[in-house]
Amino acid sequence: MPAKKKIPPVLEILRDNIVKHGNPLALKPRETSAWAKNLELPVKGDILFYTGSEYQLLPFIDSLVKTLKIVDPSSTIFSWLMEARKIVNMTGINAEKIYASILAKDKERYYSINYKAVHVLRKLGYDLCYDRQGELYSGALLYELGFWKDLDDYAQRVADSIRKTEAKTVVCISPHAAEMFRKVYPQIVDFPDVQVKTFIEMVWEKRHLLPKIPCDSLVVIHDSCRLARELDVSQEIRDILDEIGVKYVEPFRSKEWTTCCGGPSKMLFPDISKIVAGRRVIELSDTGAEKALISCPYCLSALQSEIDKGNGVILEDIIEFLYRGLEAQCQI
Amino acid sequence: MSDLNKELGTYTKNLNKASQDTNINNAMNRAVKSYRENVASALERYPHTPELAEEVRKIKEYSIEHNEELLAQAMEVIEKNRGKAFYAKDKEEAFQILHDLIGTGKTIVKGKSMLGEELQLRHILENAGNEVWETDLGEFILQLKDDRPMHILSPAIHVPREQVAEIFSEFFKKTVPPDITKEVEVVREFLREKYFQADVGISGANVVAADTGQVVIIENEGNVRLCTGAPPVHIVLVGIEKLVPTFLDSMKVAEVTWRYANYTAPSYVNVISGPSKTGDIEKVTTYGAHGPKELYVIFVDNGRSEMMQEEDFKQASHCLRCGGCMYECPVFQITAGHYGRTYLSGIGSVWTTFVDGGLDMAAPMLYTCLRCGRCVERCPMKIDVPSMIGKLRSMVVSD
């Protein structure tokens, strides 16, 4: 089998940042936990609210991808740009963050999804904790990109960080994190004996407590690949919508046959990623629905860029949808 | 140290170019739609198929575990059937056997075969001084176009009728209109005489029954019947992973293969056990009646046994080559065979690793996969491509 390969800088950077800084873009905990500052969530408790910084990372990743589309990631220029990373080591300034954040948009929206998720879960009676300082990114990208040796050590750190919270249940708002905790980590580390649940499953269990939400417009459900195929969670979304009285339609491909949003190839194949996303947006808008509901941060981000081109359907994370429903109980 | 970064640069440009190609877009959109409709209709008409597929999966699991003994059994039976069986460990051995059997200066008609593509068979035979004709219509188009297959079952999926008309007009030196019926007709006329002039016919095989030595070839055009029936010599090139224990097993594998390849029933299923023979005169068995007098079966390994022995990857050898996964792959849908080399898309990257260039060649393909997993839903063998891709990626970046 193979000798070591020289791999694209963008992959090396993601790996280094996860291993050294606890998330793919080396964001500081004060940044990733800013959304929770007024929520007074305890660090320890029975139910750990786990963000993995995934929604927080989205605006930065989007900006990075825009940079990648301008500068060929396999080019010398890109390698040179990435050399700016050396400045980080000398000055403590994060280069990736500098150029990424220059272009960062939608930060407010993505950060607030965490807040809204907590709000919805609290309304349903869940008593949550959140480790603002100690929470680490789930490591899903290490797994996806093949950095399995790094993952062995990193998984232990994640496991330890969760163990410290003394939680009995971990609620993940990203299906990618849930997949890692439920299916991958138990195979490679001594993962804490916790129940791992997605946000959708937590809501589904107490869906009878949700109020009816008057909604005249038709919605379409986009199932995330990870949620529908890896975690077998798709009917739960329909049950929740049935419970709150929201009419929905299915796109041409749904549930276990759902179409990928293109997000996974954003970093290495940004052009292909956009076309895949665009085709999925067409599948969603072809239903005639006015709104598409998403339940994965990467799907939200990947599809949003194509929605912005005016495809006649509004994209909303199901967390945002439920939050607005609970707050307003109308005007959905 | 090989440089994935550089390889990705060129590869990505090709992928991006393919994704913007109108011919590919139109052809793939039509093909995906037809495939889905046809499979849905075929499964509705034959609802026992998913259950049969489950049975076939077990047959394949057993066959992979017992491949060595099935190979020995099949080779022995083929010899008893008055055929001749060979085992080729790698490409070079396969070429040597072919060279010994065919030599040079021969006319050869050839059916479509992925193994043939893997071995670059036509080029090898042409370089040895033979005249070779691809007889599958799609492969014939690509032969004239000097192009490579863009789908394992529909190799010229990316070439619309207008372009076919241009290619044929130039080759046949007469105006061939962009009318599919006319295009098919002109090739039929041209190849018909080649079948009967040919010294050798070469085919692949979809499955081989070890107990009877019978080779099963599924087709629709009828070219394989002619390739394997008209010339005096028939050579079968088949991967060792195609072996199953019994003839009944082989029929089950064949039915599941064609059903997921979007056919209710194919036009032809060829079952070949030995050379053509007759006993009509005084009950004396005489070989070479109307069909080939000689039958040679070359079982090719070329990395397959390594794949079958690797716990993490042996399931890749269950692949029936129905091509269904590709129609469900969001990247393949927009890039066709540019997402791949000989073997295409996610499952193709695993096959590339073992039989067509190794991990270095497979690396760009491995990172193209979205690991979305819809291919697994479609696959009748439920081959977990995303898990194998993950493992291979870890090998790409490991120290």
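The values are calculated or read from the model by the stated rules, or taken from the named source; none is laboratory data. Just so it is clear, the structure is predicted and the values come from calculations on it, not from any experiment. Please note: Cβ atoms are built from the backbone with ideal geometry, for glycine as well, and neighbour counts cover all protein chains shown. To get the accessible areas, we keep the full protein, side chains included, count just its heavy atoms, and leave off ligands, DNA and RNA. Shrake-Rupley method; radii C 1.70, N 1.55, O 1.52, S 1.80 Å.
Mind listing whichever residues of segment A:293-332 are assigned to a loop (DSSP other than H, G, I, E, B), modelled with pLDDT of 95 or more and of a type in the set (A, V, I, L, M, F, W, C)? I'd like the intermediate steps shown before the answer.
Within segment A:293-332, the first condition is being assigned to a loop (DSSP other than H, G, I, E, B), and the residues that meet it are A:295-296, A:308-313, A:329-332.
Those left that are additionally modelled with pLDDT of 95 or more: A:295-296.
Once the filter is applied, which keeps residues that are assigned to a loop (DSSP other than H, G, I, E, B), modelled with pLDDT of 95 or more and of a type in the set (A, V, I, L, M, F, W, C), segment A:293-332 yields only A:C296.
When A:E135, A:E166 are checked against the criterion of being open to solvent by 10 Å² or more (accessible area, probe 1.4 Å) and under 21 Å from the mean Cα position of the chain (by Cα), A:E135 stands alone in meeting it. Would you confirm whether or not segment A:189-198 contains a residue that is within 14 Å of chain B (Cβ to nearest Cβ), crowded, with 17+ Cβ neighbours inside 10 Å and outside any helix (DSSP H, G or I)? Checked segment A:189-198: no residue is within 14 Å of chain B (Cβ to nearest Cβ), crowded, with 17+ Cβ neighbours inside 10 Å and outside any helix (DSSP H, G or I).
When you scan segment A:249-264, do you find a residue that is over 18 Å from the mean Cα position of the chain (by Cα), of a type in the set (A, V, I, L, M, F, W, C) and either assigned to a strand (DSSP E or B) or more than 20 Å from B:C375 (Cα to Cα) (or both), even just one?
Filtering segment A:249-264 for residues over 18 Å from the mean Cα position of the chain (by Cα) gives A:249-257.
Those left that are additionally of a type in the set (A, V, I, L, M, F, W, C): A:249, A:252, A:257.
Those left that are additionally either assigned to a strand (DSSP E or B) or more than 20 Å from B:C375 (Cα to Cα) (or both): A:249.
Yes.
Counting only residues that are assigned to a helix (DSSP H, G or I) and among the aliphatic types (A, V, I, L, M), segment B:103-152 holds 10 of them. Selection within segment A:254-274: residues that are at pLDDT 95 or above and over 19 Å from A:Q304 (Cβ atoms). The member of this set that is surrounded by the most Cβ atoms within 10 Å (Cβ to Cβ) is A:S254. On the given criteria, is A:I244 away from chain B (no Cβ under 11 Å), surrounded by 19 or more Cβ atoms within 10 Å (Cβ to Cβ) and not basic (K, R)? Considered against the rule, which asks whether it is away from chain B (no Cβ under 11 Å), surrounded by 19 or more Cβ atoms within 10 Å (Cβ to Cβ) and not basic (K, R), A:I244 comes out as yes. Entry remark, segment B:80-104: residues being open to solvent by 60 Å² or more (accessible area, probe 1.4 Å) and farther than 22 Å from B:V216 by Cβ number 7 in total.
Among the residues of segment B:1-29, those that are more than 10 Å from chain A (Cβ to nearest Cβ), surrounded by fewer than 20 Cβ atoms within 10 Å (Cβ to Cβ) and not charged (D, E, K, R) comprise B:N14, B:T22, B:N23, B:N26. When we screen B:I298, B:I334 for residues that are open to solvent by less than 10 Å² (accessible area, probe 1.4 Å), more than 14 Å from the chain's Cα centre (by Cα) and away from chain A (no Cβ under 14 Å), the only hit is B:I298.
Filtering B:I124, B:I180, B:I152 for residues that are surrounded by 19 or more Cβ atoms within 10 Å (Cβ to Cβ) and either over 25 Å from B:Q333 (Cβ atoms) or not assigned by TED's automatic domain parsing to the domain that holds B:W351 (or both) leaves a single hit, B:I152. Can you tell me which residue among B:S305, B:S349 is buried (at least 24 other Cβ atoms within 10 Å of the Cβ) and either touching a Lys or Arg at 6+ places or on another chain (Cβ under 8 Å) or among the small types (G, A, S) (or both)? Being buried (at least 24 other Cβ atoms within 10 Å of the Cβ) and either touching a Lys or Arg at 6+ places or on another chain (Cβ under 8 Å) or among the small types (G, A, S) (or both) holds for just one of B:S305, B:S349, which is B:S349.
Every test in (1) of a type outside the set (S, T, N, Q); (2) under 25 Å from A:A178 (Cβ atoms); (3) more than 14 Å from chain B (Cβ to nearest Cβ) is passed by A:A289 save one, and that test is (2).
Within segment A:283-296, one or more residues are in contact with a Cys (Cβ under 9 Å, 6 or more places away or on another chain) and closer than 19 Å to A:P59 by Cβ.
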